[in-house]
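Read-outs throughout are calculated quantities, based only on the coordinates presented, and are distinct from any laboratory measurement. Bear in mind that the values here come from a model prediction, so they are computed numbers and not experimental data. In this analysis, Cβ positions are derived from the backbone assuming ideal geometry, glycine residues included, and neighbour counts consider all displayed protein chains.
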Amino acid sequence: MKIKGSKKSLFKVIIAGLLAFVFVTPASTVHAAPTIVLNHWSWLDASDGEVWEKMVNAFNAAHKDKGVQIKLQVFPGDRVEYNTKVLAGVATGTAPDFGWGTGGLDSLGVKKGVIIPLDVLSKRVKLDLGDFTAQ
């Protein structure tokens with residue numbers, strides 16, 4: 001069986017169909033990329049906590065349309081207790097994406113492989129740190 005018409009005609013029909021689909025498809029069916037939420041834990045409270053919360057809120061406001069936000073959870077009080085919560089979070093799979101560290105108290109997290117230097121992580125994901133530092 002022979003089909004009448006040329007490849008050019010077939011191409012025109014396909015393009016017309018695609019254009020019709022694009023213009024008829026409601027915008028509500030086009031989905032934006034999901035927002036990435038970075039969970040951040042902190043032990044800072046009082047005035048330090050207020051300043052940090054303002055910084056996180058400023059970041060979220062500046063990046064509200066860029067698909068990334070920070071969710072801040074504060075565990076005020078004792079830093080040793082905070083470190084215990086972080087280690088428990090790691091054990092249960094609920095650890096934050098990033099959090100505050102404390103000199104000396106973090107050695108247990110380092111020994112357990114919970115805390116790694118950012119340069120190790122940035123190399124693993126091929127992140128160019130030059131994007132974040134003054135040139």
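For residue 114 and residue 92 in the same chain, what is the full-extension length gain: residue separation times 0.36 nm, less their Cα-Cα distance, in nm?
Full extension from residue 114 to residue 92 adds 6.7 nm.
Scan the stretch 48-124 for trypsin sites (Lys or Arg not before Pro) in coil per DSSP, keeping those whose Cβ has at most 13 other Cβ atoms within 10 Å, and list them by number.
Passing both the DSSP loop test and the Cβ count: 64, 66, 112.
Gain in length, residue 107 to residue 69, computed as 0.36 nm per residue apart minus the alpha-carbon separation, to one decimal in nm?
That pair, residue 107 and residue 69, stretches by 10.8 nm at full extension.
May I ask you to sort 37, 90 by Cβ crowding, counting other Cβ atoms within 10 Å and putting the fewest first?
Lowest count first: 37, 90.
Strictly over 26 Å apart at the Cα level, which of 66/126; 54/112; 85/126; 66/111 would you flag in this model?
Checking Cα-Cα distances, 54/112; 85/126; 66/111 exceed 26 Å.
Extending each Cα 7 Å along its Cβ direction at residue 60 and residue 45, get the distance between those two points in nm, one decimal.
Between residue 60 and residue 45, the label points sit 2.0 nm apart.
What is the Cα coordinate range of the stretch 36-132 on the first, second and third principal axes, sorted by size from largest, in whole angstrom?
That gives 36, 35, 24 Å along the principal axes, largest extent first.
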